[in-house]
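Some notes on the structure that comes next.
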Amino acid sequence: MDWRGDAFSLAGPSGSAPPAVASAAWFGSGGGAHAGNGESTGASPFVLLATPVHLVAGMTHVRLGPNGIQPIDGSEARDLAGDFNRVMGGDGVRLQAGSLGGLFCLWDQPILATTYDPKAAMDQDLWDFLPVGRDGARLRRLMSEIELWLFDHPVNLARAVRGLPAISSLWLWGGGPSISELPVFHGWSAGDDPLFGVYATRSEYPTGESRGSCESTSGVVVLDTAPGAAAWADAERRWLRPAVIALKRGRLSRLTLSAANRRFTIRSASLWRFWRRGRPWWEYFE
């Protein structure tokens, strides 16, 4: 489940651990210096990501559907942060829009809780993914209060006019302390991820560079596109096939694929098994 820690170990210093996801995203967003809304106490805050989600209620449980994670624009983020701080702020908690987008829940005191990436909860019973630990109940209570606050909120009324799903709640996760610098990561990244997205990013596998530069360093590619989907062919073209070529040429020592709760590591000796024709390779993740 800790695929970020697993991936970070590929290009971080030996024995190093990645920063908390929210800590990295907050740092990448300027640490609130340019957010332009909310009030700061001047102390370094404890940060959680506040991801807008659309919940679907079933007969026996509540879940995140296929469109459960809802992107919002900067105007919506600022409106939500400003109204939250007016209506629900206090008790050492506030909401702030990041300068690069997204929402952050800032606390004056550390929050000790185990939280989960909302992508891990997609189409699952959310009960198994709610915050737990010493302050888990505090986060669960706040998430429930946010759900009530967002019901018929002006931002949601405006989204309905535009035919967009309502924001049911804000999913609080990835918490960590505010940081003044990022841990070293000797590699590149690609994809829309709040942790790896703050490091050097690329749009294609770096095949056009010299052997001694970026092509011979580690990289982490985060894909939301499901294997076999229409957009998957583009992901294969840009990332997987060039990486397999680099593996064959000895420019990569291994290629690791993570999906759901499984991980596969491919080395040159096992390429014939990985790329065999019997059925699409991604079906082996099931």
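Where a number appears in this text, it was derived from the coordinates with a stated rule and is not lab data. Just so you know, these numbers come straight off a predicted model, no measurement behind them. Virtual Cβ from ideal backbone geometry, glycine too; neighbours counted across all protein chains shown.
Charge tally for Ala22 (other residues, Cβ to Cβ under 13 Å; Lys, Arg +1; Asp, Glu -1): -1. Dipole magnitude for the chain: about 1400 debye, using +1 per Lys or Arg Cβ and -1 per Asp or Glu Cβ, origin at the Cα centre. Normalised by the number of residues in the chain, the average gap of Cα pairs under 8 Å and 6 or more apart makes the relative contact order 21 percent.
Estimated from helical segments only, the mean residue ellipticity of the chain at 222 nm is -7000 deg cm²/dmol, where each DSSP H run of four or more residues counts as -39500 (n - 2.57). At an R0 of 45 angstrom, the distance between the Cβ atoms of Met1 and Trp149 translates into a FRET efficiency of 0.90.
Of Val155, Val62, the sequence from fewest to most neighbouring Cβ atoms within 10 angstrom is Val62, Val155. The loop-placed chymotrypsin sites (Phe, Trp or Tyr not before Pro) in the range 118-222, going by DSSP, that have at most 14 neighbouring Cβ atoms within 10 Å of their Cβ come out as Phe151. Relative contact order, whole percent, for the range 19-177 stands at 35, derived from Cα pairs under 8 Å and 6 or more residues apart. Sorted largest first, the spans of the alpha carbon positions of the range 1-137 along the three principal axes are 46, 39, 31 Å.
In the chain, the sites counted are trypsin sites (Lys or Arg not before Pro) in DSSP loop states with at most 11 other Cβ atoms within 10 Å, and the longest stretch holding none of them, exclusive of the sites, is 1-133. Each Lys and Arg adds +1 at its Cβ and each Asp and Glu adds -1 at its Cβ; summed about the Cα centre, the range 19-169 shows a dipole of about 60 debye.
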